[in-house]
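See below for the structure under consideration.
The values are calculated or read from the model by the stated rules, or taken from the named source; none is laboratory data. None of the values given here were measured: they were computed from a predicted structure. Reconstructed Cβ throughout: ideal geometry from the backbone, glycine too, with neighbour counts over all protein chains shown. These accessible areas exclude ligands, DNA and RNA; they are computed on the full protein's heavy atoms, side chains included. Shrake-Rupley method; radii C 1.70, N 1.55, O 1.52, S 1.80 Å.
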Amino acid sequence: MTRIDRRALFASGAAAALLAATGASALPQRGGRLRAALSPALFERVVAATVYDNLTEIAADGTLRGELATEWSSDADARVWRFKLREGVTFHDGTPFDASTVANLMWDVQALDALTVQITLDAPNPSLPYLLAQPGFEIRGATGTGLYEVQKLDDGRHFIGTRVTDHWKQGAGWFDSVEFVQFSADNVRGEALRDGLVDVADVIALDDYADPRDFQTLPNAHAPTHIASRSVTVPVTVGKSWPLDNLRMAERWWMA
């Protein structure tokens, strides 16, 4: 893509989403659009983590907690698991989320009642709740149940999502919208970050593109996986099990 093409790609709504920097704030600020330049390896996974939920979730501090499931237990050998599902959740198209939805989407799952599923494994796995929190285990229907619903999706290239106003995670999701664009070349992601077309990019040789004082390396300077503008604020602790705060940056970050 040429430089003009890249600018045109971000022209739709991008200028209106830019926030003037008024100084860093520790308190989350609602509003604005998070824009990210992502590599092919991350693009689809970040979109999925933004649009869909999992049964469980690994929080920013690394602890396990329920997401679409509220509690779980297993038999003595950790081969048969039961998950209690969250009430009042709907997909973006208005379809109710229930046990039959989960049973239709996963292998070896039985709906015991409207809000209980049983998962029977071929072999014991005491780590199943942690596994179900990982990318690739999202609960997917025709639409998702995540904090952001699809406004535009050009498969593999360009995604715009808008925050769901009446989501069950009340108070989460600080951005009004998010925009992700896939660039396979490091230098293109670097130029997009340097030119202010995006707020965050997969890790690149930052010194080649901008003054490092204008950016922050995440999760830290010693083992960075991505680079963000200082106009983006992140929690004190960010997840390290996957890049981009366990792929949940749209939910956990905010604009300064």
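Can you tell me which residue within the stretch 148-167, out of those that are open to solvent by less than 10 Å² (accessible area, probe 1.4 Å) and in contact with a Gly (Cβ under 9 Å, 6 or more places away or on another chain), is nearest to VAL198 (Cα to Cα)?
Initial filter on the stretch 148-167 (open to solvent by less than 10 Å² (accessible area, probe 1.4 Å)): 148, 158-161.
Of the ones still in play, those that are also in contact with a Gly (Cβ under 9 Å, 6 or more places away or on another chain) are 148, 160-161.
On the way: TYR148: 19, ILE160: 13, GLY161: 15 Å.
Applying the filter and picking the extreme gives ILE160.
When ALA24 is tested against the conditions (1) more than 21 Å from the chain's Cα centre (by Cα); (2) open to solvent by less than 80 Å² (accessible area, probe 1.4 Å); (3) among the hydrophobic types (A, V, I, L, M, F, W, C); (4) at pLDDT below 95, the lone failure is (2). Scanning the stretch 100-126 for residues that are open to solvent by less than 60 Å² (accessible area, probe 1.4 Å) and within 30 Å of LEU244 (Cα to Cα), we see that the one that is modelled with the lowest pLDDT is MET106. Annotation: ALA192 fulfils all but one of (1) at pLDDT 90 or above; (2) of a type in the set (A, V, I, L, M); (3) surrounded by fewer than 22 Cβ atoms within 10 Å (Cβ to Cβ); the unmet one is (3).
So which strands (runs of 3 or more DSSP E) are wholly in the stretch 39-95 and hold at least 2 residues that are in contact with a strand residue (DSSP E or B) (Cβ under 6 Å, 6 or more places away or on another chain), over 28 Å from PRO243 (Cα atoms) and polar (S, T, N, Q)?
69-74
So if I check each of GLY136, GLY196, GLY190, which one is in a loop (DSSP other than H, G, I, E, B) and farther than 30 Å from ASN104 by Cα? Only one candidate passes the filter, namely GLY196. What about GLN170, is it open to solvent by 60 Å² or more (accessible area, probe 1.4 Å) and under 18 Å from MET249 (Cα atoms)? Yes.
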